[in-house]
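Enquirer: Pasting a structure below so you can have a look.
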Amino acid sequence: MKCKRFVASLLIAALCVLMLPLQVFAAETVASGTCGADLTWRLDENGTLIISGTGKINDYASGATPWYSYRKTIKAISIEDGVTGIGKYAFDHCSEITDIVIPDSVVSIDNRSFNWCENLELVVIGSAVESIGTYGFAYCKKLKCVVIPETMKTIGSNAFISANLTDVYYAGTNAAWNANLIEGSNEVLDSVN
């Protein structure tokens, strides 16, 4: 009889545990800090760099971002909604990322923001972005596809130099595309769809 009660108690306890909501545990943080007046960054153990908060990511010199020493371990970048601009050299030499989605809150991508992201293949630019700075995605040699919003007004010189673009999608009309200020050495954008 005691054995049956013990087994029954054990079964009830097991059922209670199974009925509890499963908790999803966030990956451990490897490093973190600030990267703007109201922005923070966090690199997790899976190699995801997360930028969160509000405002523009600071401008940096080449090799001076707070996560630069981790650049070879950064496999993905998550820019959360609320970020309004991507500063100079922000993701310079983050060579292991393969795709980036710029959120709709971002208005500008500054000079050399994604310079030398050599394994980057896909870029989806958010619906509010109006400008890409000079050398914005320069030397992203595997970059094949970019989606550009109709809000785009200016693309700086050499923004996509050395990219291997085969698919360029623009959300606006041909007339709107032709009205954009597309500075020199961006012939790779001539194949816009």
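The values are calculated or read from the model by the stated rules, or taken from the named source; none is laboratory data. Since we're looking at a predicted model, the values are computed, not measured. All Cβ positions, even for glycine, are placed from backbone atoms using ideal geometry, and neighbour counts span all protein chains on display. These area figures cover heavy atoms from the full protein model, side chains too; ligands, DNA and RNA do not enter into them. Shrake-Rupley method; radii C 1.70, N 1.55, O 1.52, S 1.80 Å.
Enquirer: Of these, 130, 118, which one is more than 14 Å from the chain's Cα centre (by Cα) and under 20 Å from residue 65 (Cβ atoms)? Outline the logic, then answer.
Expert: Values: 130 fails: under 20 Å from residue 65 (Cβ atoms).
Every option except 118 fails the conditions.
Enquirer: Okay, next question. When you scan segment 63-76, do you find a residue that is open to solvent by 80 Å² or more (accessible area, probe 1.4 Å), at pLDDT 95 or above and not polar (S, T, N, Q), even just one? I'd like the intermediate steps shown before the answer.
Expert: Taking segment 63-76 and keeping what is open to solvent by 80 Å² or more (accessible area, probe 1.4 Å), we get 69, 72, 75.
Narrowing the set further to residues that are at pLDDT 95 or above leaves 69, 72, 75.
Subset that is not polar (S, T, N, Q): 72, 75.
Checked segment 63-76: at least one residue is open to solvent by 80 Å² or more (accessible area, probe 1.4 Å), at pLDDT 95 or above and not polar (S, T, N, Q).
Enquirer: Among the residues of segment 108-132, how many are of a type in the set (A, V, I, L, M, F, W, C), open to solvent by 60 Å² or more (accessible area, probe 1.4 Å) and not in a strand (DSSP E or B)?
Expert: Of the residues in segment 108-132, the ones of a type in the set (A, V, I, L, M, F, W, C) are 109, 114, 116-117, 120, 122-125, 128-129, 132.
Now drop any that are not open to solvent by 60 Å² or more (accessible area, probe 1.4 Å), which leaves 116, 122.
Applying the additional criterion that residues be not in a strand (DSSP E or B) yields 116.
Number of matching residues: 1.
Enquirer: Still on this model: Can you tell me which residue is surrounded by the most Cβ atoms within 10 Å (Cβ to Cβ) among those in segment 98-107 that are in a strand (DSSP E or B) and of a type in the set (A, V, I, L, M)?
Expert: Taking segment 98-107 and keeping what is in a strand (DSSP E or B), we get 99-101.
Pick out the ones that are also of a type in the set (A, V, I, L, M) and you get 100-101.
Numbers: 100: 23, 101: 14.
Among residues in segment 98-107 that are in a strand (DSSP E or B) and of a type in the set (A, V, I, L, M), the one surrounded by the most Cβ atoms within 10 Å (Cβ to Cβ) is 100.
Enquirer: Which of the following residues is without any contact (Cβ under 8 Å) to a residue 40 or more places away in the chain, more than 18 Å from the chain's Cα centre (by Cα) and open to solvent by 30 Å² or more (accessible area, probe 1.4 Å): 192, 188?
Expert: Details: 192 fails: without any contact (Cβ under 8 Å) to a residue 40 or more places away in the chain.
From the options 192, 188, the qualifying one is 188.
Enquirer: Taking only segment 159-181 into account, find how many residues are modelled with pLDDT of 90 or more, aliphatic (A, V, I, L, M) and open to solvent by less than 60 Å² (accessible area, probe 1.4 Å).
Expert: Of the residues in segment 159-181, 5 are modelled with pLDDT of 90 or more, aliphatic (A, V, I, L, M) and open to solvent by less than 60 Å² (accessible area, probe 1.4 Å).
Enquirer: Then there is this: Restricted to segment 63-82, and to residues that are hydrophobic (A, V, I, L, M, F, W, C) and part of a loop (DSSP other than H, G, I, E, B), which residue is nearest to residue 112 (Cα to Cα)? Let's see the steps before the verdict.
Expert: Initially, segment 63-82 is screened for residues hydrophobic (A, V, I, L, M, F, W, C), giving 64, 67, 74, 76-77, 79.
If we keep only those that are part of a loop (DSSP other than H, G, I, E, B) too, we end up with 64, 67, 74.
Details: 64: 13, 67: 16, 74: 18 Å.
The selected residue is 64.
Enquirer: Same structure, new question: Considering only segment 145-158, I want to know if a residue exists there that is among the basic types (Lys, Arg), touching a residue at least 12 places away in the same chain (Cβ under 8 Å) and either surrounded by fewer than 22 Cβ atoms within 10 Å (Cβ to Cβ) or more than 21 Å from residue 56 (Cβ to Cβ) (or both).
Expert: Our first condition is that a residue be among the basic types (Lys, Arg); within segment 145-158, this holds for 153.
Narrowing the set further to residues that are touching a residue at least 12 places away in the same chain (Cβ under 8 Å) leaves 153.
Cutting the leftovers down to either surrounded by fewer than 22 Cβ atoms within 10 Å (Cβ to Cβ) or more than 21 Å from residue 56 (Cβ to Cβ) (or both) gives us 153.
Within segment 145-158, one or more residues are among the basic types (Lys, Arg), touching a residue at least 12 places away in the same chain (Cβ under 8 Å) and either surrounded by fewer than 22 Cβ atoms within 10 Å (Cβ to Cβ) or more than 21 Å from residue 56 (Cβ to Cβ) (or both).
Enquirer: Answer with yes or no whether residue 85 is crowded, with 16+ Cβ neighbours inside 10 Å and assigned to a strand (DSSP E or B). Can you show your working first?
Expert: Numbers: crowded, with 16+ Cβ neighbours inside 10 Å: yes; assigned to a strand (DSSP E or B): yes.
So residue 85 fits the description; yes.
Enquirer: Just a yes or no: is a residue in segment 53-71 hydrophobic (A, V, I, L, M, F, W, C) and touching a Pro at 6+ places or on another chain (Cβ under 9 Å)? I'd like the intermediate steps shown before the answer.
Expert: Residues of segment 53-71 that are hydrophobic (A, V, I, L, M, F, W, C), as a first pass: 57, 61, 64, 67.
Cutting the leftovers down to touching a Pro at 6+ places or on another chain (Cβ under 9 Å) gives us none.
No, there is no match, as no residue in segment 53-71 is hydrophobic (A, V, I, L, M, F, W, C) and touching a Pro at 6+ places or on another chain (Cβ under 9 Å).
Enquirer: Here is a further query. Pull up segment 88-97, narrow it to residues that are open to solvent by less than 40 Å² (accessible area, probe 1.4 Å) and within 16 Å of residue 36 (Cα to Cα), then point me to the one that is nearest to the chain's Cα centre (by Cα). Working first, answer last.
Expert: So in segment 88-97, the residues open to solvent by less than 40 Å² (accessible area, probe 1.4 Å) come out as 90-92, 94-95, 97.
From what's left, within 16 Å of residue 36 (Cα to Cα): 90-91.
Working: 90: 11, 91: 9 Å.
The qualifying residue nearest to the chain's Cα centre (by Cα) is 91.
Enquirer: Would you be able to tell me the number of residues in segment 156-193 that are assigned to a strand (DSSP E or B) and farther than 19 Å from residue 121 by Cα? Explain how you work it out, then say what you get.
Expert: Of all residues in segment 156-193, those assigned to a strand (DSSP E or B) come to 167-170, 181-182, 192.
Filter again for farther than 19 Å from residue 121 by Cα, leaving 181-182.
Result for segment 156-193: 2.
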